[in-house]
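Below is one structure, written out as structure tokens; the observations come after it.
Every number in this text was worked out from the coordinates using simple rules, so none of it is lab data. The model shown is predicted, which means the values in this text are computed figures rather than measured ones. So basically every Cβ, Gly included, is an ideal-geometry build from the backbone, and we count neighbours across all protein chains shown.
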Amino acid sequence: MITNLTNMLVLLTGLSILTISIFSIIGITESYSQTVETKSQSVSNTIHITKDASNSYALSSGSSQIGSFDTTYTIVGSVTSLKESNNLITSTITKDYDSSPIIGYVIAHKSKSDSKSATLANPFADKSTINEKIKSEIQTSINSSQKLKTTKAEIKCNFGMEISDWKCSTHGLLG
């Protein structure tokens, strides 16, 4: 009886190892085919987005306040790829900015003193205004890139503390 149980345990262990091995081979095959498909695409279709962000804090009497902040996104790719990937570029950057801790501190407009109002207006931009501004600036720059005499372009977007100062600029690249 004990030998039968031992034989069954050995058999089940062997089947488990065989099943895991088969799934591993299938996984490697799928991974390889995805890699091959990716590498078969032209390198010129690759778009690179980098982010450079800085912010400061002021600490006083046991409390912390956000100081200044600035975020720069640099987008580099072929002019054709930029146009074809317009929506993906925009959604990538808006999702990234939406997850930033500074999103709630972007100033909607420079405040002007209004002696007639008894309440203070909210000086901060809401998420939909921020996302719309990002989309508008990126789309304008991608459209500008289509007029360049080069095949590659760089778009730099500077998103600082005040939404009215947000700009993206386009530059042609050689190569």
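General observations
- Peptides 150-157, 81-88 ranked from most to least packed give 150-157, 81-88, packing being the mean of other C-beta atoms within 10 angstrom over each peptide's residues.
- Rounded to the nearest whole Hz, the Karplus-based 3J(HN,Hα) values (6.51 cos²θ - 1.76 cosθ + 1.60, θ = phi - 60°) of segment 98-106 follow the sequence 4, 8, 6, x, 8, 4, x, 10, 6, with x at glycine and proline.
- Listed values for segment 65-79 are Karplus-derived 3J(HN,Hα) couplings in whole Hz (6.51 cos²θ - 1.76 cosθ + 1.60, θ = phi - 60°), namely 10, 6, x, 8, 8, 7, 10, 10, 9, 10, 10, 10, x, 5, 4, and x replaces Gly and Pro.
- When the pairs Lys127/Lys147; Lys95/Lys135; Lys51/Lys147; Lys83/Lys127; Lys95/Lys149 are compared against a 20 Å limit on Cα-Cα distance, Lys127/Lys147; Lys51/Lys147; Lys83/Lys127; Lys95/Lys149 fall above it.
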